[in-house]
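To keep things clear, I will list the structure first and then write my remarks on it.
The values are calculated or read from the model by the stated rules, or taken from the named source; none is laboratory data. In this text, all values refer to a predicted model and were calculated from it rather than measured experimentally. No Cβ is skipped: glycine too gets one built from the backbone with ideal geometry, and neighbour counts run over all protein chains shown. Keep in mind that these areas ignore ligands, DNA and RNA; they rest on the heavy atoms of the full protein, side chains included. Shrake-Rupley method; radii C 1.70, N 1.55, O 1.52, S 1.80 Å.
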Amino acid sequence: MSDTIERIKCLIIGSGPAGYTAAIYAARADLKPIMYTGMEPGGQLTTTTEVDNFPGYPEGIDGPTMMVQLQQQAERFGTEVRIGMVTAVDFNTTDGGIHKVTVDNSTQIEAETVIISTGATAKYLGLPSEQKLRGGGVSACAVCDGFFYKGQDVAIVGAGDTAAEEATYLSNICSNVTMLVRKDHMRASKAMQHRVNNTPNIKVMYNTEVDEVLGDQVVEGLRMVNNQTNDKEEIEITGLFIAIGHKPNTDIFKGQLDMDDTGYLITEGKSTKTNIPGVFASGDVQDKEYRQAVTAAGTGCMAALDAERYLATVETSDKVSA
């Protein structure tokens, strides 16, 4: 453990659209933010080949390039971006308290404010063929990537409301949607099930799982297996969407920050405030409804503004008490 403890005004944990936007705003407010990127610098967008739905890019942009540009913009205003993983936190529960953070199990940081932008990780099936073709037709976000499969045949895996919503979304873009449900029923609400069942170009296959994603460089087909009969069937598709959920990256905050039953951080009203003064949450780590780059960026802006206002309030209180 390092003996040197660094004291800073604003610490940003995570480096996706939320984290970088928070950094831009915090730096412009002279909070001198320091960002730790985490294990996946740039977040989920670094695994996305094309981003067509972020404002300001009329020709689209690939995810990794977009993240590099966001980092450059944040650094332009004075953000210090560091490669590292926050491994422990000790949040102070009092107004104006100093929060203690450990990076890579060794570096000690003391921060007046902390902005959490650690995001959420999409769950995948874990098949080698699926992992090989991530970004080549395998996606965990139909809203993000569905447009690229306009007029084509695709498949989606999942049985909950998200899967049902994404299947109906895809049905408006794609020619045919095959929905794979592992059990003999869907978990989605009855309303969403009715919507799926009443959409003519969605075919629901129950008791069905992915056996292998077919294709070399891009998705060309899917081999499915009936888990009751072990019968296998192949279909031709160009896109496979995995909609089996996300896991928010909040494990190190358990016991200190309020979370819902699935681990998403709970923020106060329309703000990014957590239950700890001076600790704010932005992006997918607290948003399980939209999960878009542009909404994450918006909450990153909000978090920086909330942090700036919090510091101003604390400083004013200190002057009054003095």
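Worth pointing out:
- Residue within region 218-226 that is of a type in the set (A, V, I, L, M), touching a helix residue (DSSP H, G or I) at 6+ places or on another chain (Cβ under 7 Å) and at pLDDT 95 or above present: no
- Condition check for THR162: open to solvent by 40 Å² or more (accessible area, probe 1.4 Å), within 23 Å of ALA296 (Cβ to Cβ), among the polar types (S, T, N, Q) and out of contact with any Cys (no Cβ under 6 Å at 6 or more places or on another chain): yes
- Residue in region 29-44 that is of a type outside the set (A, V, I, L, M, F, W, C) and over 20 Å from VAL285 (Cβ atoms) present: yes
- Residues (at positive phi and open to solvent by 70 Å² or more (accessible area, probe 1.4 Å)) located in region 3-49: ASP30, LYS32
- When residues of region 196-234 are limited to those that are open to solvent by 40 Å² or more (accessible area, probe 1.4 Å) and β-branched (Val, Ile, Thr), the one farthest from ALA167 (Cα to Cα): THR229
- For region 182-234, the set of residues classified as of a type in the set (Gly, Ala, Ser) and either within 27 Å of LYS132 (Cβ to Cβ) or free of Cβ contacts under 8 Å to residues at least 12 places away in the same chain (or both) consists of ALA191, GLY215, GLY221, listed by residue number.
- A single entry from ARG182, ARG223 fulfils the requirement of being of a type in the set (Lys, Arg) and out of contact with any Ser or Thr (no Cβ under 8 Å at 6 or more places or on another chain): ARG223.
- Output for region 79-111, where each listed residue is hydrophobic (A, V, I, L, M, F, W, C), open to solvent by less than 50 Å² (accessible area, probe 1.4 Å) and farther than 17 Å from ILE252 by Cβ: VAL81, ILE98
- Residues within region 290-307 that are in contact with a helix residue (DSSP H, G or I) (Cβ under 7 Å, 6 or more places away or on another chain) and among the charged types (D, E, K, R), tallied: 1
- In region 285-298, the residues that are in contact with a strand residue (DSSP E or B) (Cβ under 8 Å, 6 or more places away or on another chain), at pLDDT 95 or above and either open to solvent by 10 Å² or more (accessible area, probe 1.4 Å) or among the polar types (S, T, N, Q) (or both): GLN286
- Residues being of a type in the set (Gly, Ala, Ser), surrounded by fewer than 17 Cβ atoms within 10 Å (Cβ to Cβ) and closer than 24 Å to VAL103 by Cβ - total across region 243-274: 1
- Every condition in (1) out of contact with any Asp or Glu (no Cβ under 7 Å at 6 or more places or on another chain); (2) modelled with pLDDT of 95 or more; (3) more than 30 Å from ALA167 (Cβ to Cβ); (4) not basic (Lys, Arg) holds for THR316 except the one numbered (2).
- Scoring THR238 on the criteria (1) hydroxyl-bearing (Ser, Thr, Tyr); (2) within 22 Å of VAL177 (Cβ to Cβ); (3) buried (at least 22 other Cβ atoms within 10 Å of the Cβ) leaves a single failure, condition (3).
- Residue among ASP62, ASP52 that is open to solvent by less than 60 Å² (accessible area, probe 1.4 Å), charged (D, E, K, R) and either modelled with pLDDT under 90 or at positive phi (or both): ASP62
- As a summary of the residue check, GLY119 satisfies the conditions (1) of a type outside the set (S, T, N, Q); (2) buried (at least 17 other Cβ atoms within 10 Å of the Cβ); (3) in contact with a strand residue (DSSP E or B) (Cβ under 7 Å, 6 or more places away or on another chain); (4) at positive phi except for the one numbered (3).
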